[in-house]
Amino acid sequence: SKTFETSETFVPFVTSLEYTTFLKLLAPFAPHMTEELWEMLQKESKVAKESKESKVKKISDSIHDESWPEYEEALTKSKQVTIVVQVNGKVREKLLVEAGIAQKDAEKFAVASQKVQVFLGKKAPQKVIFIPDRLLNLVV
């Protein structure tokens, strides 16, 4: 097993950016512990600056003076969604489809499902209620 005795193995599994981001997110929940870890990180960055091996961004004295981490909204969106298929208001199927699927395509997938066909029988839906990326209700 790996030990955490030297500065080279202090954070072996993550990058410096990931580590600082994690500390910033953890700070409101564990302020004293993150402040200590932040202080240790400052000491390491000073050693790195003195050796001139890497360009390290200036770190503020306290983790609580740092800005909150930014995120990319595009990475938070899923490529696939689960659409709940109802027949007469009762859940009959859940379909995993691409996000942003059109109503007509969702209807084709739903009607092709054997679970839905049992409840539709030979009848065609009189009304279709569609909520994008969430729900398809077939009213017979």
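The values are calculated or read from the model by the stated rules, or taken from the named source; none is laboratory data. As the structure is a computational prediction, the values presented were derived from the model and not from experiment. Don't worry about glycine lacking a Cβ; one is built from the backbone with ideal geometry, like all the others, and counts go over all protein chains shown. The protein model used for the area step is the full one, side chains on, heavy atoms only, and it has no ligands, DNA or RNA in it. Shrake-Rupley method; radii C 1.70, N 1.55, O 1.52, S 1.80 Å.
Helices (runs of 4 or more DSSP H) wholly in the stretch 61-140 with at least 3 residues that are over 30 Å from residue 34 (Cα atoms) - which ones?
103-112, 114-120
So, of the residues in the stretch 129-140 that are under 15 Å from residue 91 (Cα atoms) and touching a strand residue (DSSP E or B) at 6+ places or on another chain (Cβ under 6 Å), which turns out to be surrounded by the most Cβ atoms within 10 Å (Cβ to Cβ)?
My answer is 136.
Name the one entry in 138, 96 that is touching a Pro at 6+ places or on another chain (Cβ under 6 Å) and modelled with pLDDT of 90 or more. Break it down into steps so the answer makes sense when it comes.
Details: 96 fails: touching a Pro at 6+ places or on another chain (Cβ under 6 Å).
Exactly one of 138, 96 is touching a Pro at 6+ places or on another chain (Cβ under 6 Å) and modelled with pLDDT of 90 or more, namely 138.
Would you mind stating whether residue 91 is free of Cβ contacts under 8 Å to residues at least 40 places away in the same chain and closer than 21 Å to residue 78 by Cα?
Against the criterion (free of Cβ contacts under 8 Å to residues at least 40 places away in the same chain and closer than 21 Å to residue 78 by Cα), residue 91 does not qualify.
Do you know which residues across the stretch 104-124 are in contact with a Leu (Cβ under 8 Å, 6 or more places away or on another chain) and either open to solvent by 50 Å² or more (accessible area, probe 1.4 Å) or free of Cβ contacts under 8 Å to residues at least 12 places away in the same chain (or both)?
Initially, the stretch 104-124 is screened for residues in contact with a Leu (Cβ under 8 Å, 6 or more places away or on another chain), giving 106-107, 109-111, 113, 116, 120.
Those that are in contact with a Leu (Cβ under 8 Å, 6 or more places away or on another chain) and either open to solvent by 50 Å² or more (accessible area, probe 1.4 Å) or free of Cβ contacts under 8 Å to residues at least 12 places away in the same chain (or both): 107, 109, 111.
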